[in-house]
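Asks: Sharing a structure with you now.
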Amino acid sequence: MTDGRPIRVLVVEDDPVAADAHELYVGRVPGFTAVAKARTGAEARRVLDRTEVDLLLLDLHLPDVHGLQFARSLRASGHHADVIAVTSARDLAMVREGVSLGVVQYVLKPFTFATLRDRLVRYAEFRAAAGEASGQDEVDRALAVLRAPAPAALPKGLSGPTLERVTGVLRQAAGGLTAAGVAESVGISRITARRYLEHLVDTGRAARSPLYGQVGRPELVYRWVPQRH
């Protein structure tokens, strides 16, 4: 919060379902309020011209303009709202360009409420820093607030590249897959595939259900759980 008021957020997102979800997410974080939604850069500019906004939750792929181009035009016209970029792009050159345009955080799609909440809380802490730093350490601490924590280590025996392959296969399977099906697609053993699938279940990214109609113990089917964004 700033001067006792919540941080005012403009959600800029052309997908109406995603925009509603982002607005809901923002409203669930104490100290933040979503003041408006915009589906295009032009609409966002009109909102900014009539409404005080502290932070943009900005989708980079808008129908009428790229998000970074929009951020650049805002700076040129004197708008100083900070930006949290929302994107599925993983181009690090784009990330570097965004830093110079007031992009303080990137959130990769798909993301959960917990991910956005973490970024907003960190932004609020960074924004609340005031006064004169006593030295380099204090400056470093203020900047470090914006950095996300290191990702949690995978369970022993699981690797990031294989997890990405298992995740990709499962996401593409509309009807779900058994451990045997994943094993065949990825090129790993059935036991190994089950370990990765159970990890996805444990982290809320997959769900399992029994496949009935078979003789004996029913096979488990794993389905990807879409992350609302």
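Asks: Less than 11 Å Cβ to Cβ from P16, Lys/Arg counted +1 and Asp/Glu -1: what total charge do the surrounding residues give?
Replies: With Lys, Arg at +1 and Asp, Glu at -1, the neighbours total -3.
Asks: Would you kindly state how much longer the chain becomes between R171 and V17 on full extension, computed as 0.36 nm times their sequence separation minus their alpha carbon distance, in nm to one decimal?
Replies: 53.5 nm
Asks: Between T33 and K109, with labels modelled 7 Å along Cα→Cβ, what's the label distance in nm to one decimal, could you check?
Replies: Those two pseudo-labels are separated by 2.8 nm.
Asks: Counting Lys +1, Arg +1, Asp -1, Glu -1, what net charge surrounds A206 among other residues with beta carbon under 11 Å of its beta carbon?
Replies: Once all neighbours under 11 Å are counted, the net charge is +2.
Asks: Taking a ≥ b ≥ c as the square roots of the eigenvalues of the Cα gyration tensor of the stretch 160-224, is the shape rounded (a/c under 1.5), prolate (a/b larger than b/c) or oblate?
Replies: It is prolate, given that a/c is not under 1.5 and a/b is the larger ratio.
Asks: Subtract the Cα-Cα distance of H66 and E52 from 0.36 nm times their separation in residues, and report this length gain in nm to one decimal.
Replies: Using 0.36 nm per residue and subtracting the Cα-Cα distance, I get 2.8 nm.
Just so you know, all these numbers are worked out from the coordinates, no wet-lab data involved. Nothing here was measured: the structure is a model prediction, and the numbers come from that model. Because the Cβ atoms are built from the backbone with ideal geometry, glycine has one as well, and the counts that use them run over all protein chains shown.
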